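Below: one structure, written as structure tokens.
The values are calculated or read from the model by the stated rules, or taken from the named source; none is laboratory data. On a predicted model such as this, the values are computed, not experimentally measured, just so you know. For the accessible areas, the whole protein counts, side chains as well, though only heavy atoms, and no ligand, DNA or RNA atoms are used. Shrake-Rupley method; radii C 1.70, N 1.55, O 1.52, S 1.80 Å.
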Amino acid sequence: MIKAVFFDIDGTLVSFNTHKVPQSTIQALDELKKKGIKVFISTGRQYGSIDNLGDLQFDGYITLNGGYCMAGTDKVIYKHSIAEEDIDALLEYEKEKGTFPCSFVTDEGIFLNYKDDKVEEVFRLINFPEPPEQPLQYMKGRTVYQLLAFFGPGEEDNSVMTVLRHCESTRWNPLFADIIPAGSNKGVGVDKIIEYFGISLDETMAFGDGGNDILMLQHVGIGVAMGNAGDEVKKKADYVTASVDEDGVYKALKHFNVI
């Protein structure tokens, strides 16, 4: 019996075309709640950056790709930040190699060192306002949970990742990568949430569409890839449903008799 369902946001709950949650998904979430099944968000976004779910309510949040987890909207149950020495290494890299577009997430919010056409395209895609600008030096002495590095697939191995020894990268879009502390991922977030709520892993289900969802989809009891997901994601999932714009969430929950 499924007791908890985890949802990615962009491309899973929210359409990239309409920037809204489909009505069928809203209905599915309502049916889950009426059955007593807990619903959770699992996203690469910071909690304060979740601005596209309207008044939908969730039982908890995995944010920053598993690096910051909450029960409800205010009880923090897990935090994992980037090592201070890696921040120092990044600042040295910038001095030696030059800067590159990068945003960073701290307790104070999200900041962007500078923008170019690629950065503007990303924020248009996710329909999100561009963060305020601060130099990378602003990270010095602050707790940083995640970096967004605006470079393409394959560039990680020959770029800043060579000096961020305690970090790893994951991506759900070819225009940028989420750089997170090693050991952080959405699967870890699932474990933190279910431990808190007393739910078994085989009682969990998750939906996702991006590369940063793969470990979560493989980890839970039933992992569902959206029809709009990439082939790599689909191969790793237990089931592939329709796209977000074709009622994929509702159809998969019906398929597995969860609702």
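Miscellaneous remarks
- Rolling a 1.4 angstrom probe over segment 123-259 with all protein chains present gives an accessible area of which 46% lies on carbon and sulfur atoms.
- For the chain, projected area of the alpha-carbon convex hull averaged over all directions, nm²: 12.7 nm²
- Gain upon complete extension [Asp238, Thr99; 0.36 nm per residue less C-alpha separation]: 46.0 nm
- Percent of Cα pairs exceeding the 15 Å cut-off, where the set is segment 158-233: 60 percent
- What separates the Cα centres of segment 144-215 and segment 23-76 is a distance of 17 Å.
- Fraction of C-alpha pairs exceeding 26 angstrom in segment 1-126: 34 percent, rounded to a whole number.
- Note on the chain: GNM, Cα springs under 10 Å; of Gln218, Gln27, Gln146, the largest mean-square fluctuation is that of Gln27.
- Entry comment: accessible area of the chain is 44 Å² per residue, from protein heavy atoms only and a probe of 1.4 Å.
- Residue pairs, from the table Lys35/Lys236; Lys3/Lys79; Lys3/Lys254; Lys186/Lys254; Lys95/Lys115, whose Cα atoms sit over 26 Å apart: Lys35/Lys236
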